[in-house]
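Chemist: Encoded as structure tokens, here's the structure I'll be asking about.
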Amino acid sequence: MNGRGAADGTGYLGTAVGGRYRLEEEIARGGMSTVYRAFDLVLQRPVALKLMEEALATEPAQLERFRREARAVAQLSHPHIVTVIDFSEGGDPSSCAGRAYIVFEYVEGETLKSLIAKEGRLDPLDALAYALDVAEALAAAHEHMVVHRDVKPQNILIGQEGIAKITDFGIARMLTEQGLTIDGRVLGTADYVSPEQALGERVGVQSDIYSLGVVLYEMLTGCLPFSADNQVALAMCHVRERIPDVQLLRPELSATTAAVVERATAKDLPARCKSMDAMIAGLEQALEVESARALVNDTEPGPGHRVDHGREQGRDHRPDQRRDHAPERRPGARLRGPLRLVGALVAIAAIAIAAVMLSGGGAVRGRGVPPRTAQKRPRLEPVPASALSAHDYNPFGTEEEDPEQVGSILAGGNAAAWSTEHYYEDALNKPGTGVYLDASTALLVPALRLRTPTPGFTIAVYGSNGFTGPEPYGQSTSLTQRGWTLLSTPVSAHRRMRITLHPNARPYRFYLLWIEKLPKDRESAEIAQVTLLREG
């Protein structure tokens, strides 16, 4: 086959690109390239292959952009960044098999954009967990001085295990490279691009923060902040109008969650999160609040009873209340005179041109409302898995629970999850069951992270220094009588969550994750990964 297939690319199917990757299905198409599901004939596994379009393959600037994407992602190794496997600049641009391509790991699942289109607004816990996955990926990229510059749901893949991964670093830039940010040039997608990016100004890590904030807004509300007949009109909406408050569209959200959106999407850089680490801290805090609220809602006495959690951060957000939307006035917040206005109009016009090449244009969002104040918390770092051992714990039962797999909760990744035994009618029929971690020495652990493929079970955390090992099964002695101290109130587990332990807790050698209630309509609960966090 000579590679000159049909306009939709189906004629390329069956071609072995690079003599190794057989194209099997087109899965995405943009102005610069087409992405295929392919099969690696050498390693016998599915991969994703991004093939550069023939019309652009002879343009040095476009080939350099393609090359930079491969280099940028190749230096990043993170569980929430789609991995680069191979790259070739090709030799014959007129041939599909000889054209430039990048090979990525294949993620079985769907894009976040398609998930939102299918489900509308997402569960707050899902939205926050996906945002946290992407935030950690971008934080890793920023540590390597790489700014993505095109964060949007179309570039976020949701795998079957419910984990988000970001891809498409096609317009990413190294902060250390010279001449990469050119005034007046707009790259990005209209609905998510940061104000400074849309205006052709210098782009930094806060631009990715802004775009991720808009993605979070869309996940929580099911819609974008603005709509317009064309990209220029949309850009002017973003320039002149404020982003709506997520609590006005979804009053049941906590003020903590709304604060994350506001701080991430602040129009003025001084008001925006300064780093992705700051946004991560806010997302983790919001996950804690929403997890606690989910547990309360599950145990409310009746459908007419609602506990008002809207007083976080000192504000009451009952649905019938509306806050003042007057924009915060800061020096330099408005366009600075005719020159900047002209520059803005030029940049907006450039958006339409950029859209043809990148399947999207540039735009800016409106002036944000005054940001909520977020608490500053100490920086925490993971306790190395090598310093811990994991054990199942079933003192009120009659046998061990998946002891062969319990060690996998420290490995995470693709390892199989630890599971409780199967209990019928969604009931444990006992006080609980779980796993404990042994740190060999007492550690002060302010928080821990948990991943599970079976969200919805109720979990609490205990600590102990006097624990001497599993007691005989079936004993009726309580956990406190066994030397365990409660470190967190029970919460409803989510796919990915952070549990903050009581601030007055002391160092403990043993940490117990205690499952008190199974997920609704399930006969078991699973834990995929546990990470203890200590102050760095």
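Matching residues to (1) farther than 23 Å from residue 468 by Cα; (2) of a type in the set (Phe, Trp, Tyr); (3) at pLDDT 90 or above; (4) surrounded by fewer than 21 Cβ atoms within 10 Å (Cβ to Cβ):
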site: 402; (1), (2), (3), (4): no, no, no, yes
site: 409; (1), (2), (3), (4): no, no, yes, no
site: 413; (1), (2), (3), (4): yes, no, no, yes
site: 416; (1), (2), (3), (4): yes, no, no, yes
site: 423; (1), (2), (3), (4): yes, yes, no, yes
site: 432; (1), (2), (3), (4): no, no, yes, no
site: 445; (1), (2), (3), (4): no, no, yes, no
site: 457; (1), (2), (3), (4): yes, yes, yes, no
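Chemist: Something else: Among the residues of region 85-97, count how many are at pLDDT 60 or above and either more than 12 Å from residue 49 (Cα to Cα) or not small (Gly, Ala, Ser) (or both).
Modeler: Taking region 85-97 first, the residues at pLDDT 60 or above are 85-90, 96.
Applying the additional criterion that residues be either more than 12 Å from residue 49 (Cα to Cα) or not small (Gly, Ala, Ser) (or both) yields 85-87, 89-90, 96.
Residues meeting the conditions: 6.
Chemist: Can you name the residue in region 152-165 that is in contact with a strand residue (DSSP E or B) (Cβ under 7 Å, 6 or more places away or on another chain) and open to solvent by less than 60 Å² (accessible area, probe 1.4 Å) and is also modelled with the lowest pLDDT among such residues?
Modeler: Looking only at region 152-165, we keep the residues that are in contact with a strand residue (DSSP E or B) (Cβ under 7 Å, 6 or more places away or on another chain), and these are 153-160, 164-165.
Those left that are additionally open to solvent by less than 60 Å² (accessible area, probe 1.4 Å): 153, 155-159, 164-165.
On the way: 153: 95, 155: 91, 156: 95, 157: 94, 158: 92, 159: 85, 164: 91, 165: 93.
Applying the filter and picking the extreme gives 159.
Chemist: Does region 463-470 include one or more residues that are modelled with pLDDT under 85, open to solvent by 20 Å² or more (accessible area, probe 1.4 Å) and of a type in the set (Ser, Thr, Tyr)?
Modeler: Yes.
Chemist: Give region 196-216 a look and list any residue that's open to solvent by 10 Å² or more (accessible area, probe 1.4 Å), at pLDDT 85 or above and not in a loop (DSSP other than H, G, I, E, B), or say none.
Modeler: Of everything in region 196-216, those that are open to solvent by 10 Å² or more (accessible area, probe 1.4 Å), at pLDDT 85 or above and not in a loop (DSSP other than H, G, I, E, B) turn out to be 205, 206.
Chemist: Counting just the residues of region 497-516 that are under 28 Å from the mean Cα position of the chain (by Cα) and farther than 22 Å from residue 392 by Cβ, which one comes out least open to solvent (accessible area, probe 1.4 Å)?
Modeler: 498
Chemist: Mind listing whichever residues of region 29-68 are among the small types (Gly, Ala, Ser) and without any contact (Cβ under 8 Å) to a residue 12 or more places away in the chain? Reasoning before the result, please.
Modeler: Narrowing region 29-68 to residues among the small types (Gly, Ala, Ser): 30-31, 33, 38, 48, 55, 57, 61.
Answer for region 29-68, where residues must be among the small types (Gly, Ala, Ser) and without any contact (Cβ under 8 Å) to a residue 12 or more places away in the chain: 55, 61.
Chemist: Suppose we filter 464, 488, 524 for residues that are in contact with a Leu (Cβ under 6 Å, 6 or more places away or on another chain), of a type in the set (S, T, N, Q) and under 23 Å from residue 397 (Cβ atoms); which single one remains?
Modeler: Answer to the selection: 488.
Chemist: So which of 215, 246 is touching a Ser or Thr at 6+ places or on another chain (Cβ under 8 Å) and β-branched (Val, Ile, Thr)?
Modeler: On the way: 215 fails: touching a Ser or Thr at 6+ places or on another chain (Cβ under 8 Å).
None of the others qualify; the one that does is 246.
Chemist: Exactly one of these conditions fails for residue 168: (1) assigned to a helix (DSSP H, G or I); (2) touching a strand residue (DSSP E or B) at 6+ places or on another chain (Cβ under 9 Å). Give me its number.
Modeler: (1)
Chemist: OK, next. Just name the residue that is surrounded by the most Cβ atoms within 10 Å (Cβ to Cβ) out of those in region 244-291 that are within 14 Å of the chain's Cα centre (by Cα) and among the β-branched types (Val, Ile, Thr).
Modeler: This residue is 260.
Chemist: Name the single residue, out of those in region 477-529 being out of contact with any strand residue (DSSP E or B) (no Cβ under 6 Å at 6 or more places or on another chain) and among the β-branched types (Val, Ile, Thr), that is farthest from residue 132 (Cα to Cα).
Modeler: The selected residue is 477.
Chemist: Continuing with this model, one more query. What number of residues within region 32-67 satisfy the criterion of being open to solvent by 60 Å² or more (accessible area, probe 1.4 Å) and more than 20 Å from residue 21 (Cα to Cα)?
Modeler: Adding up the residues that qualify gives 5.
Chemist: Something else now. Return the residue satisfying two criteria in turn: it lies in region 170-195 and is of a type in the set (A, V, I, L, M, F, W, C) and at pLDDT 65 or above, and of such residues it is nearest to the chain's Cα centre (by Cα).
Modeler: Applying the filter and picking the extreme gives 193.
The values are calculated or read from the model by the stated rules, or taken from the named source; none is laboratory data. Here the structure is a predicted model, which means the values were calculated and not measured. Note: ideal-geometry Cβ built from the backbone for every residue, glycine included; neighbour counts use all protein chains shown. To get the accessible areas, we keep the full protein, side chains included, count just its heavy atoms, and leave off ligands, DNA and RNA. Shrake-Rupley method; radii C 1.70, N 1.55, O 1.52, S 1.80 Å.
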